[in-house]
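S.K.: Can you keep this structure in mind? I'll have questions shortly.
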Amino acid sequence: MSVQPVTPPHRLLTVAEYLEIGEVEPGYTELVEGRLLMSPSPTFRHSRGNGKLWAALDAQSPAHRVSVLDIDVDLQLGPEDGPGTVRRPDAVVVHDTAPVRISREGGVLRASEVVVAVEILSPGSRRMDLVLKRSEYADAGIPHYWVVDLDEPASLTAHPLAGEFGYVDGGSVTGVFRTTEPFAVEIDLDALM
């Protein structure tokens with residue numbers, strides 16, 4: 001999966017302007033510092049692994065958390081009237097107040113509502129996920145960033161936020177990923193394939 005810039009507007013977009021554009025088919029868009037980026041749709045393997053991952057997260061998330069697949073998140077990295085950054089993680093776990101706020105106010109998820117952001121690596125997204133998004137999610141204050149690699153053996157690397165130092169590398173886990181932070185969860189990584 002590779003990311004392609006979309007024909008740029010005459011100026012950088014705010015998050016509100018990005019949301020007015022709607023979806024670009026096929027694939028999906030993200031907003032990075034006011035610029036539109038288009039990515040192709042995920043592969044079958046990627047989508048299937050993501051669905052299984054979401055199901056595991058959803059089944060094990062505590063009652064005050066909500067798991068969501070493939071949804072826009074405003075990283076809140078700049079002022080509302082300035083160039084915005086909206087990323088679309090493969091899965092997120094958010095506070096249960098987020099869907100209520102969105103229903104009431106509209107808009108998209110905010111980084112401040114995200115507890116865990118998850119990206120599944122693709123051949124064209126490795127640098128994006130391992131370097132750029134890791135840095136952006138840390139700057140946005142998302143407490144936990146998990147990166148899943150479906151190449152055999154499947155692995156998950158959990159990156160907890162370490163304050164101003166960004167994320168620390170929790171080490172790559174194969175087989176079964178278990179953690180108690182930010183909540184108790186167990187994911188059979190081989191079953192994602």
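The values are calculated or read from the model by the stated rules, or taken from the named source; none is laboratory data. All values reported here derive from a predicted model rather than from experimental measurement. Note: ideal-geometry Cβ built from the backbone for every residue, glycine included; neighbour counts use all protein chains shown.
S.K.: Could we say that Ser122 is polar (S, T, N, Q), farther than 16 Å from Asp74 by Cα and modelled with pLDDT under 95 here? Walk me through how you get there before you give the answer.
M.R.: Values: polar (S, T, N, Q): yes; farther than 16 Å from Asp74 by Cα: yes; modelled with pLDDT under 95: yes.
In short, yes.
S.K.: Could you list, ordered by first residue, the pairs with Cβ atoms under 6 Å in which the first is in the range 56-82 and farther than 17 Å from Leu19 by Cβ and among the basic types (Lys, Arg) and the second is modelled with pLDDT of 95 or more and part of a strand (DSSP E or B), at least 6 apart or interchain?
M.R.: Cβ pairs passing all conditions: Arg65/Val93.
S.K.: Which residues, taken from the range 49-72, are under 15 Å from Asp149 (Cβ atoms) and over 14 Å from the mean Cα position of the chain (by Cα)?
M.R.: Selection gives Gly49, Lys52.
S.K.: In the list Arg87, Arg104, which residue meets the criterion of being within 13 Å of the chain's Cα centre (by Cα) and either surrounded by 13 or more Cβ atoms within 10 Å (Cβ to Cβ) or at pLDDT 95 or above (or both)? Reasoning before the result, please.
M.R.: Numbers: Arg104 fails: within 13 Å of the chain's Cα centre (by Cα).
None of the other options fit; the residue is Arg87.
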